[in-house]
Amino acid sequence: MRIGLFVTCLGDTLYPETGRAVVTVLERLGHEVVFPAEQTCCGQLHANSGYPDEALKLVRRFESIFGSYDAVVSPSSSCVGHVRELAPELAPRVFELSELLVNRLGVEDVGASFPHRVAYHPTCHSLRVTKVGDAPLRLLRNVRGLELVPLERAEECCGFGGTFAVKNAATSSAILADKCDAIEASGAGYCTAVDGSCLLQIGGGLERRSGGVRALHLAEILAATESA
């Protein structure tokens with residue numbers, strides 16, 4: 001399959017290793033992954049900030065750039081959800097990574113090994129917009145050496161919410177504190193999710209606590225081949 005990689009603004013500027021991990025996983029499975037250099041923002045930030053016309057223009061640009069691929073994958077359920085909402089005709093071909101692997105390709109074991117204790121945070125968009133279900137968990141359960149630990153009140157928001165974290169900083173920080181409490185109480189060494197934006201929020205909170213727990217994108221765990 002020829003798959004277009006939509007890396008997202010956050011992935012391009014802050015987490016390029018996540019995009020590389022997506023490529024590693026899919027190429028390991030025998031697929032061709034292409035990164036169109038002309039890709040830009042999908043317009044989610046514009047839509048969230050009250051600029052629907054500008055957001056729609058960017059989604060149409062997305063369509064023109066990625067229209068020729070068998071499928072489009074992104075390490076962000078929020079960006080995927082945004083594209084699907086504004087351009088529902090694209091929905092059958094645009095996927096968050098875990099749903100592409102499990103639901104489209106029928107793969108749950110990608111040959112990864114990651115001998116660590118991991119807690120999974122189901123992000124708001126992955127739960128309520130893209131509705132990836134248990135696809136991330138099914139992938140994590142097949143990673144060699146990984147111990148998946150339960151996360152108390154897992155489905156509660158991390159407090160990011162895009163511009164919400166900027167406009168409502170005090171509320172965002174309070175929500176984040178609850179999430180970090182739960183992660184630390186789980187005994188995990190890593191917290192993973194399918195959205196880099198949420199991991200940016202959670203990772204910052206955990207780092208400030210200096211407890212040693214790290215935030216790591218699901219794609220990077222699936223790309224790992226660590227030995228015990």
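Observations
- A single entry from Val118, Val94 fulfils the requirement of being over 14 Å from the mean Cα position of the chain (by Cα), among the β-branched types (Val, Ile, Thr) and crowded, with 18+ Cβ neighbours inside 10 Å: Val118.
- Hey, Leu100 under 17 Å from the mean Cα position of the chain (by Cα), at pLDDT below 95 and at negative phi or not: no
- For Ser197: the one exception among (1) over 17 Å from Arg153 (Cα atoms); (2) not in a helix (DSSP H, G or I): (2)
- Filtering the range 1-23 to residues that are of a type in the set (Val, Ile, Thr), modelled with pLDDT of 95 or more and surrounded by fewer than 19 Cβ atoms within 10 Å (Cβ to Cβ) leaves nothing.
- Meets criteria (surrounded by 24 or more Cβ atoms within 10 Å (Cβ to Cβ), over 16 Å from the mean Cα position of the chain (by Cα) and not in a strand (DSSP E or B)) for Ile221: no
- Identity of the residue in the range 194-214, buried (at least 24 other Cβ atoms within 10 Å of the Cβ) and aliphatic (A, V, I, L, M), that ends up nearest to the chain's Cα centre (by Cα): Val194
- Some residue of the range 37-48 being at pLDDT 95 or above, under 22 Å from Val129 (Cβ atoms), assigned to a helix (DSSP H, G or I) and not polar (S, T, N, Q): no
- Residue in the range 160-174 that is hydroxyl-bearing (Ser, Thr, Tyr), in contact with a helix residue (DSSP H, G or I) (Cβ under 7 Å, 6 or more places away or on another chain) and surrounded by 14 or more Cβ atoms within 10 Å (Cβ to Cβ) present: yes
- Test: Gly30 is at pLDDT below 95 and in the same structural domain as Cys9 (by TED's automatic domain parsing): no
- Flag for Ala71 being touching a His at 6+ places or on another chain (Cβ under 8 Å) and in the same structural domain as Thr13 (by TED's automatic domain parsing): no
The values are calculated or read from the model by the stated rules, or taken from the named source; none is laboratory data. Source: prediction; values computed, not measured. Neighbour counts run over all protein chains shown; Cβ positions are idealised from the backbone, glycine included.
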